[in-house]
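Let me begin by presenting the structure, written as structure tokens, before commenting on it.
The values are calculated or read from the model by the stated rules, or taken from the named source; none is laboratory data. Keep in mind that this is a model prediction, so the values were computed, not measured. Don't worry about glycine lacking a Cβ; one is built from the backbone with ideal geometry, like all the others, and counts go over all protein chains shown.
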């Protein structure tokens, strides 16, 4: 009896699969696939916390002695931003670059300050910059519309991407064809970099470059104006 019942179930299953249309089959088997593994589990928890102390991060990010802060104008000048551009600052943080970007693009341009932390975005909103808009993103998507951005800037944030494949796909979609992507991140060199960098930053420049190229971007150059960080320039397809 058990054998007959099993056979009956098999027949019903075969009939069920036969009546599924091709789209249903795609959905059925796609749902059984594995999701992308989180690359930095827990690294962004402090920024997602409702108790985020923005003042603490301002003191940490915007202080003399931090290379990115000390050379912020030189970094912005190297990007080649022109009037009327739409610039997206992915991982805008406390808004260190927003006023500089806003000045570069002019009143007819736009700066999109994108971040995962609502508290950071509220601080940027409080700057009163008329051509700066804030965008709350998540760990999978920038939240930006397709083909709307001329230039993207990611400063000391790429290593925080929990799902880099998803985020890069979203960035690729938002960038116009031929648009430029600038990645600023820490040098991570075995035997040379600090213990903090080796633990905090998950991979080196070469690894990040391969990930970004795999997402469809083309490496166009490197700007050697920093010591602790590197600046890579990519072009969107």
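Would you mind stating whether residue 154 is more than 13 Å from the chain's Cα centre (by Cα) and in contact (Cβ under 8 Å) with a residue 12 or more places away in the chain?
So residue 154 fails the test.
Given (1) touching a strand residue (DSSP E or B) at 6+ places or on another chain (Cβ under 6 Å); (2) crowded, with 20+ Cβ neighbours inside 10 Å, where does residue 93 come up short, assuming only one miss?
(1) is the only condition that residue 93 fails.
Criterion first (in contact with a helix residue (DSSP H, G or I) (Cβ under 6 Å, 6 or more places away or on another chain), closer than 24 Å to residue 51 by Cβ and crowded, with 20+ Cβ neighbours inside 10 Å) does residue 119 satisfy it?
Answer is no for this residue.
From 157, 142, 167, grab the single residue that is modelled with pLDDT of 95 or more and in contact with a strand residue (DSSP E or B) (Cβ under 6 Å, 6 or more places away or on another chain).
From the options 157, 142, 167, the qualifying one is 142.
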